[in-house]
Protein chains: 2
Amino acid sequence: MSLNARQSTESRQSEIIATVVALAAERNPAEVTTTDIAKAMSVTQGALFRHFPTKEAIRLAVIEWVETQLMANLADAQASAPDVLSGLEAMFLAHVKFIRQFPGVPRLVFAELQQPDSSPLRQRVQQIMQRYRQMLAEALGKAKAAHLIRDDVDVQAAAVLFLGAIQGLVMQSMLGGVSPDAEEPVLGVLRLYLASLGGKS
Amino acid sequence: MSLNARQSTESRQSEIIATVVALAAERNPAEVTTTDIAKAMSVTQGALFRHFPTKEAIRLAVIEWVETQLMANLADAQASAPDVLSGLEAMFLAHVKFIRQFPGVPRLVFAELQQPDSSPLRQRVQQIMQRYRQMLAEALGKAKAAHLIRDDVDVQAAAVLFLGAIQGLVMQSMLGGVSPDAEEPVLGVLRLYLASLGGKS
DNA sequence: TACTTGTAAGTAACTTATTACATACAAGTA
DNA sequence: TACTTGTATGTAATAAGTTACTTACAAGTA
């Protein structure tokens, strides 16, 4: 493959998505222009519109890539855990690992969440997060039924706190206070979260 | 005062800040233009530049207003609590109340956090959040010394989880899953957070 | 040949900021 | 009081730059 070979639309779409994710790691995703994306790909700006009809379509494809990747990671983590509570723990760590691997992802999600309610993109992100929360609530319910956590745990609140705990870690690393690869804060927060559930460690 | 009376720069500055905060409650703050602000104030776009030199100066003034307001609320909450742990509880509720009063605030903060590292605005937000976290860590340290919480609590992690818990609630209400005025999820998450500290309720 | 992928140039719409000019208002003066 | 004058606040128009998207044309590929 020469440096500027012609590529199929399929492979260019993947390349565009990967480029947006990569750019979002360092810049404000809302300020990433089609020219920026094209330059990073060594292609002219107009070429992008051979593979996506609009910029919004690009952003939608990016969000759907994020969903697919994250959900696959979470499912793997849950599946390879011995019990539901260990599954929650594994999902927590898998989520953090995923974000560490693609630091642009939380920025992209935040950017879409800033859109007005009517935006189809925002609704998509909304749907993803609601499903995630529901999955957590179900897992927490099972853990409660199996007496792995306190039987008076509010599973809805515990699902919100799970996502909040990850968010707090994301914010902390976005603020640059600590190296994003530091493990201690992650384990510290996870331990604290598990303590809130009253699980027997 | 007639409908379109002339105003002092001082009062116009306050009006501009209030307008930006109000607009941010419904739109993406990054997409709020000087024309939007001016329209909402029934003034021409150019008039804004009689009171602020640049748009960035407006955003900075908004962030500083947020800091002043939030910190005053937190200090009040902490001061009127009988002990340190109740103080943390009061700060949690005061923060949630403040956000409920000005729903645009978290969106504004997120928007500035998306800026590149070098941006003065981002650095300002960074500074505010680091101070907040440090204040929380200190309060948690005192609570630990007073045996109000477990003596093996990781105060740094507990500070991150405090902010994360609020963030989780903010996200949940931004996602519109529930009415932002609902008290139960707030209290549920707060209760869970306190449980993670092992405080005697 | 027929189709897909690419380029270079162009366009309409929009954004921040500036400019020339107008007007309210406070202070000083006849 | 009545009049002048200087300054702060406002408007309308527009400059200068950026953005997403289009179009005319070229070239690779089946």
Quiz item: Over what distance in Å are the Cα centres of region B:34-79 and region A:62-116 separated?
Solution: 36 Å
Self-check item: Spacing of the two label points (7 Å from each Cα toward its C-beta) at A:MET71 and A:ARG6, in nm
Solution: 3.5 nm
Quiz prompt | Dipole axis of region A:55-197 (+1 Lys, Arg; -1 Asp, Glu on Cβ), positive-most option in A:LEU113, A:ILE58, A:LEU197 | solution = A:ILE58
Quiz item: So how far apart, in nm, are the two label points at A:GLN130 and B:GLN130 if each is 7 Å from Cα heading toward Cβ?
Solution: 4.0 nm
Quiz item: Within region A:100-201, which trypsin sites (Lys or Arg not before Pro) sit in a loop by DSSP and count at most 11 neighbouring Cβ atoms inside 10 Å?
Solution: A:LYS200
Exercise. Could you list the residues of region A:78-94 with an amide nitrogen less than 19 Å from a label point located 7 Å from the Cα of A:HIS147 in the Cα-to-C-beta direction?
Key: A:83-86
Exercise. Find how much the distance from A:GLN101 to A:ALA79 grows on full extension, using 0.36 nm per residue of separation minus their present alpha carbon separation; answer in nm with one decimal.
Key: 5.8 nm
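Taking the Cα centre of the protein assembly as shown as origin, work out the dipole magnitude from +1 charges on Lys and Arg Cβ and -1 charges on Asp and Glu Cβ, in debye rounded to 20.
Here the protein assembly as shown has a charge dipole of around 660 debye.
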Quiz item: From Cα coordinates alone, what are the radius of gyration and Dmax values for the protein assembly as shown in angstrom?
Solution: 22.6, 73
Quiz item: Tell me which aspartates and glutamates have Cα within less than 20 Å of A:LYS55's Cα, excluding those fewer than 8 residues away on the same chain?
Solution: A:GLU10, A:GLU15, A:GLU26, A:GLU31, A:ASP36, A:GLU64, A:GLU67, A:GLU112, A:ASP117, B:GLU31
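Given Cα positions, please report Rg to Rh for region A:1-128, the hydrodynamic radius being the Kirkwood one.
Numbers: Rg = 16.5 Å, Rh = 15.9 Å.
With Rg and the Kirkwood Rh in hand, the quotient comes to 1.03.
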Quiz item: What translational diffusion coefficient, in µm²/s and rounded to a whole number, does the Stokes-Einstein relation yield for region A:55-197 at 37 °C and a viscosity of 0.692 mPa s, taking the hydrodynamic radius as the Kirkwood radius over Cα pairs?
Solution: 206 µm²/s
Practice problem: Provide the gained length on full extension for the span A:ARG191 to A:ALA47, in nm with one decimal, where the gain is 0.36 nm per separating residue minus the Cα-Cα distance. | Solution: 47.0 nm
Exercise. Pick out, in residue order, every one of the chymotrypsin sites (Phe, Trp or Tyr not before Pro) in region A:103-192 that is DSSP loop and has at most 13 other C-beta atoms within 10 Å; say none if there are none.
Key: none
Practice problem: Could you grab the relative contact order for chain A? Cα pairs under 8 Å, six or more apart, rounded to a whole percent. | Solution: 18 percent
Quiz prompt | Listed residues A:VAL43, A:VAL84, A:LEU169: farthest to the positive end of the dipole of chain A (Cβ charges) | solution = A:VAL43
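Just so you know, all these numbers are worked out from the coordinates, no wet-lab data involved. These numbers come from a predicted model, not from an experiment. A quick note on method: Cβ atoms are made from the backbone with ideal geometry, for glycine too, and the neighbour counts reach across all protein chains shown.
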